[in-house]
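The values are calculated or read from the model by the stated rules, or taken from the named source; none is laboratory data. Keep in mind it's a predicted model, so treat the numbers as computed, not measured. For neighbour counting, all protein chains shown are included, and Cβ atoms are generated from backbone atoms with ideal geometry for every residue, glycine included. Only protein heavy atoms, including side chains, enter the accessible area calculation; ligands, DNA and RNA are left aside. Shrake-Rupley method; radii C 1.70, N 1.55, O 1.52, S 1.80 Å.
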Amino acid sequence: MNKCYVEKLDFSNLERLEENFKALLNMPLETLEEMETWLQAQSELYDAMQESLYGHYIDFQCQSDSEAAKNAFEYDQKNVEPLFKRYVAALDEQFLTSPAKALLDKKFYAQFLKRKQNAKELFREENVELEIEEDRLTTNYFEHTGGLTVDWNGEEKTLSQLQQYFEDADSEVRKQAFTLTSEAFLSKQKELQTIMSELITLRQQKAKNADLANYRDFMFKKYERFDYSPEDCKQLAKAVQLYVKPLKEKLQRRHQEEIGVDVYRPWDRRAVPKGRKPLRPFENTTELVEKSATIFQRLDPRFATLINEMNARGMLDLDSRKGKAPGGFCSALPISQLSFIFMNASTSHSDLVTFLHEMGHCIHNDLKTGLPLNAYRETPMESSELASMTMELFTMDQWHLFYENEAELMRAKRQQLKGIVDFLPTGMVIDQFQHWLYENPDHSPEERNNKYLEISQQLDANVADWSGYEEWAKQTWLPVLHIFEVPFYYIEYVIAQLGALQMYRQYRQHPEQALENYKKALSLGSSKSLPEIYEAAGIRFDFSEEMIKELINFVEAEIAAL
């Protein structure tokens, strides 16, 4: 695999690497000019650090069975990232104690100052060492899950490659895919549960070191969730249970009738009726990229230029293969001023949506390149996911490029909107499960599984019959890598989905204005608060019961109209 990123720093020489940070610490910070010069130098150094760190992460995800990629990634975790964290804390202290800080434009730097003060309050030297072990444990998770394969009628397939069979019209095919997937993860349940238990203990210690009651409070502070609280998340869960769960169950019962099964099983949830084939919007990833580029050209030529340049420079790794980690992501490369998309495509409709979603992140990253501060180009996930989820919906009126058949086009659009209804309760289950994990850190694996099932039954649809698969029903959280790698990163998907629905409603009425609002809001990066960014997009940062009810009624009407 060719290297797609730029390495401006030599990570192998830690002493020389440190000199870059020491030079910043030794710069004078007395005048406004000196402060602005220092901030620019800091941003450039952080960009170079992040480009290499993200690049090594990309290498490891693309080649999780490569010793060289693994060694480089683990070297960063054990040596480079701890060094980086310590110097970031030292530089934050230097900034916060400088008299020149008071000379900065208060309006432009308001969010920057707030975040630096928050970071200072959270940092503890002893947590740096704990995070080395935390990274080792999450890497161990990927080592266990990245290489999982099954025997599919004599052919070795990855779990990502099995996904297409969940849509098959033949119930036995779906059941086989479901059973093989569950058995593959359950074969690793002991190891994965042990990793989770160790992570919880370690993370609780991090919170204790930072003088916080629990790791949930620690992560709310780390994620700079200044605009909502854990209690707001619980209220959102109740609103989703009240307004979204009934619609999801209604749609599942309708689906049960469509596919003609007396008992609705978990492997039936994505099935197509007999005589109908699963949606296959493209034959290969070359077609996926080319047709997506046409869509983006029609939305905004800048978007098309971006995808074509990424493709030309090897920034798209889209095909599934053995030895490649599961999942999908977009990673910004600040020196290259481009983004890298990683995914495991199998020609399904969900793969199309995933690619358009990740391109939303890439477009967001591109729109932020004009911001002078590295810190303002790092955006909270509630706005990052707004960018990606909105792009899924903005492209829907161009999906005829992938679906020439009108009936299939309507199916694809219905599937997209139903998918939102399907996701919101599931997203809240993952969020509230994590709240419970860290509010009750002394639980056993058995208690953990039972609580997950309890929360699922409370917040999510209860139409599917899990008889015979009860053990897997309790552990369907195991494939959710976020719980292991980026804990508490899930509520953002729910919040951003609500924002994306507001954007789509706006787009349906005034498409050109909605697109301009989208670009305007995302260009702000994190220089403004989340409510201000949402306001710039012409929507509200609002997940009240009233808003949930309003948006779900809108979605149900849109589905009915197709």
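For the reader, a short list of remarks on this structure follows.
- Convex hull of the range 14-132 built on C-alpha atoms - directionally averaged projected area, nm²: 8.2
- Karplus 3J(HN,Hα) series, Hz, for the range 499-506 with 6.51 cos²θ - 1.76 cosθ + 1.60 (x for Gly, Pro): x, 5, 5, 5, 5, 5, 4, 5
- Environment charge of residue 395, counting only residues whose C-beta is closer than 12 Å and scoring Lys/Arg +1, Asp/Glu -1: 0
- Under a model in which nothing but the beta-carbon of Lys, Arg (+1) and Asp, Glu (-1) is charged, the range 40-132 shows a dipole of about 740 debye around its Cα centre.
- In order along the range 168-185, the Karplus-derived 3J(HN,Hα) couplings, from 6.51 cos²θ - 1.76 cosθ + 1.60 at θ = phi - 60°, round to 4, 6, 7, 4, 5, 5, 4, 4, 4, 5, 5, 5, 5, 5, 5, 5, 5, 6 Hz, and Gly and Pro are given as x.
- A 1.4 Å probe run over the chain, with the rest of the protein chains in place, finds 42 Å² accessible per residue.
- Inter-centroid distance (Cα atoms) of the range 451-514 relative to the range 91-141, Å: 30
- The angle separating the long axis of helix 125-146 from the principal Cα axis of greatest extent in the chain is about 30 degrees.
- The relative contact order of the range 437-562 comes to 17 percent, based on Cα pairs under 8 Å that sit 6 or more residues apart.
- When shorter helices are ignored and each DSSP H run of at least 4 residues is given -39500 (n - 2.57), the per-residue value for the chain at 222 nm works out to -21000 deg cm²/dmol.
- Summarising the amide proton neighbourhood of residue 152: residues at separation of 5 or more, or on other chains, whose placed amide H is nearer than 5 Å comprise 157.
- Converting phi to 3J(HN,Hα) with the Karplus coefficients 6.51, -1.76 and 1.60 and the offset θ = phi - 60°, the range 448-460 yields 4, 5, 5, 5, 4, 5, 4, 5, 4, 5, 6, 9, 10 Hz in sequence order, with x at every glycine or proline.
- If you sort the three axes of the alpha carbon gyration tensor as a ≥ b ≥ c, you get a/c of 1.5 or more for the range 293-387 and a/b above b/c, which makes it prolate.
- For the peptides 284-292, 547-555, residues were scored by their other Cβ atoms within 10 Å and the scores averaged per peptide; the highest-first order is 547-555, 284-292.
- Kirkwood hydrodynamic radius over Cα pairs of the range 428-562, then Stokes diffusion coefficient at 20 °C and 1.002 mPa s, in µm²/s: 122
- Centre separation in Å (Cα based) which lies between the range 1-55 and the range 396-418: 46
- Cα centroid of the range 276-302 to Cα centroid of the range 244-273, whole Å: 28
- Distances between placed amide hydrogens fall under 5 Å for residue 489 paired with no residue 5 or more residues away or on another chain.
- Angle in degrees between helix 349-367 and the longest Cα principal axis of the chain, rounded to the nearest 10: 20
- When Rg and the Kirkwood radius Rh are both evaluated on Cα atoms of the range 491-551, their ratio Rg/Rh stands at 0.96.
- Each listed q (0.17, 0.21, 0.26 Å⁻¹) maps to a log10 I(q)/I(0) for the range 301-350, found by the Debye formula over equal Cα scatterers with no solvent: -0.58, -0.82, -1.06.
- For the chain, the fraction of 1.4 Å probe accessible surface lying on carbon and sulfur atoms is 47 percent.
- Rule-of-thumb Rg ratio for the chain [Cα; 2.2 N^0.38 Å; N residues]: 0.96
- Computed over neighbours whose Cβ is under 12 Å from that of residue 418, the net charge equals +4, Lys and Arg +1, Asp and Glu -1.
- Between 0 and 90°, nearest 10: helix 110-122 axis offset from the chain longest Cα axis: 90
- Cα-centre dipole for the chain with unit charges at Cβ (Lys and Arg positive, Asp and Glu negative), debye to 20: 1040
- Summed residue charge, Cβ within 12 Å of residue 345's Cβ, Lys/Arg positive, Asp/Glu negative: -3
- Its Cα gyration tensor gives the range 63-123 an equivalent ellipsoid; the semi-axes, largest first and in whole Å, are 35, 12, 9.
- Calculated P(r) tail over 15 Å for the range 242-284, as whole % of Cα pairs: 51
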